[in-house]
Structures are given as structure tokens and as C-alpha cells.
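No value in this document is a laboratory result; all are computed from the given coordinates. None of these values were measured; they are calculated from a predicted model. Here the Cβ is made from the backbone with ideal geometry for all residues, glycine too, and neighbour counts use every protein chain on show.
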There are 2 protein chains.
Amino acid sequence: MNDAGDIILFPIGHVDSALTDLDDAPRQGDEGAPDAWVVVNPDVAAALLGITVGDELVIITWLDKGRRDVLVTHPRGDTSRPESGVFATRSPHRPIPIGLLLARVVDIDSNRVRVDRLEAIDGTPVLDLKPMLASPDRR
Amino acid sequence: MNDAGDIILFPIGHVDSALTDLDDAPRQGDEGAPDAWVVVNPDVAAALLGITVGDELVIITWLDKGRRDVLVTHPRGDTSRPESGVFATRSPHRPIPIGLLLARVVDIDSNRVRVDRLEAIDGTPVLDLKPMLASPDRR
């Protein structure tokens, strides 16, 4: 945090995926999105120790295409629905555009973790990885 | 993001709670942590529109007491357990100390949302609020 109270982050890694446009995700078939690699920067790769194939991870992303000046929106872009505040939606357009994704680990290769069906486009910055626990957000 | 690739954030609000030390939480009784207010900055309070009592929210916090240089740790501080990378744990000490909490809305008052059993200490910065959906991290 700097003197102004700002928080300064540098991503821990990024998504390496064949998905370059989220609009294409439904075309990938029944499963929605393709498997993808989460590539972790070498300087923090030690923090992957203990992650194993089969684990469910919460992947926290930075939605760098998100517009940070949007406070109200029509859910899913459907203008026939009443406006909703972005904190009541999962819109990527929000004051702090953090995304939460859940995926299962299918492979690990050095500083890369391959996960199933990741709905994030290629190059998306990653901020954190956490294990999904039985009661995911209480521990 | 600045030219160096850093992401710069200013919190959207903070936690207003009687809890001043997480070690005290178990002493609050069977329910663990007390109810608390999430106070949203007036300039983004419009984004609360549509949140109602009974909603389950994911509250994304900034764990400002977290040490950002820790990559491996003993789970729950138990040195009899093998070390684990912090991405395989929920430790608050991690390169980007973002916390995820789940809580239910019990009251709304202007730019404040009261939630049940919030395991966050008084003053914790809040980065985002999202609705918990049936499949929480897929949408």
C-alpha cells in the first residue's frame, strides 16, 4: 500500500489457453470452456508445492478488459431486465474487476498447472490460487 | 495498470466489526465470528442496487496483515505437518493476500451491508462483493 492508500499488485502469473474470446466458449462443446494452463511466474513457483492432480482450485484473475467505471448494469446484458448494481452481479465490469473461477487440476508441469474447463481468455493475469475447501470461503 | 505492469487498486470499502483479533473469533460462541457491517465507499454505493436480505455474498478482502514474501508454510502453523506451498493453503501470508469470505446479508442500511458471522477483523479493506451462485465460480 502506498501513502495514498492504494494497493499495488503484480500478477503471480497468467492463463495460457486456446480461448481468445469468451464469446467462443460455448462453441467448445458441452463442457463450455477448454482446459488451460495457469502459468505461475518462476519467482513464486515454490508456492505451488502440495497442489496435486484432482485438486479443486479457486483461481483469482484480474479481468483486465473490465471497465472500472460501471456501477449499474443490466444482468447478462439483457436490457429487458431491470438494472442491478454490479456488486449484485458477476459482471466483469466493476470498480475492482477481480474474477473468481473454479477448476480441477488435471496436470502439473514445473511452474504450470493445467486445469479443466477454464472460462478465462488467453493472457488473463492471475492474482492468486487457493484450494477449494468443503466450506470454501469460511477458512 | 501502470507501465511496469503493476495493478493499482483502491479498496471499495471496509469491514466494521467488533472483532479486532481473529484469535478471538472462537470465543464468540458456537457461530465463530460475529455479524459485521461491510461499509462501501459512497462513490461506489450505487453498485449495491439489488442486493437483498438473505443473499449469500462472496466478500473479497485485502489481508493487509499478510506477509507477501512467504511462499511455503506449515498448514495452520502446525510445524508437525509438512510444509506446503501457500497456493495449496488458505494462509493469509501469500504473494497477493486476497481473502475470500462467504456470508449472508442480514440488513442493508444505505451504503452499509450487514452480514452474518464474518471472519474478518475491524478495518479490513474490501475489494469486491459478488453474489454466490449455485455454481459459485463458473459464471
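Segment A:50-71 and segment B:44-116 have Cα centres spaced 14 Å apart. For the rotation that carries chain B onto chain A, the axis lies closest to a Cβ at B:I8, 3, where the number is the distance in whole Å.
Taken over the Cα atoms of chain B, the convex hull encloses 151 Å³ per residue.
Distances, shortest first, from the label point of B:D16 to those at the same position in the other copies read 4.8 nm; the point lies 7 Å along Cα to C-beta.
Charging the Cβ of each Asp and Glu at -1 and of each Lys and Arg at +1, and nothing else, the dipole of the protein assembly as shown about its Cα centre rounds to 260 debye.
In the protein assembly as shown, taking the dipole from charged Cβ atoms about the Cα centre, the farthest positive-side position among B:S17, A:T52, A:I8 is held by A:T52.
Around the Cα centre of segment B:38-83, unit charges on the Cβ atoms of Lys, Arg, Asp and Glu (plus for the first two, minus for the last two) sum to a dipole of about 240 debye.
Across the copies of the chain, A:T79 has label points (7 Å from Cα along Cα→Cβ) spaced 6.5 nm apart, shortest distance listed first. Sorting A:90-96, B:38-44 by their mean Cβ neighbour count within 10 Å, with the most densely packed peptide first, gives A:90-96, B:38-44.
Taking every C-alpha pair closer than 8 Å and separated by at least 6 residues, the mean separation divided by the residue count of chain B gives a relative contact order of 36 percent.
In nanometres and ascending order, the distances from the B:N2 label point to those of the other copies are 0.4 (point 7 Å from Cα along Cα→Cβ). Less than 5 angstrom separates the built amide H of B:G99 from those of B:T61, B:W62, B:L63, all sequence-distant by 5 or more or on a different chain. Counting Cβ atoms of other protein chains within 10 Å of each Cβ in B:123-130 and taking the mean gives 4. Here the mean projected area of the convex hull built on the C-alpha positions of the protein assembly as shown is 15.4 nm². Taken residue by residue and averaged, Cβ atoms of other chains lying within 10 Å of the Cβ of A:110-122 number 0.
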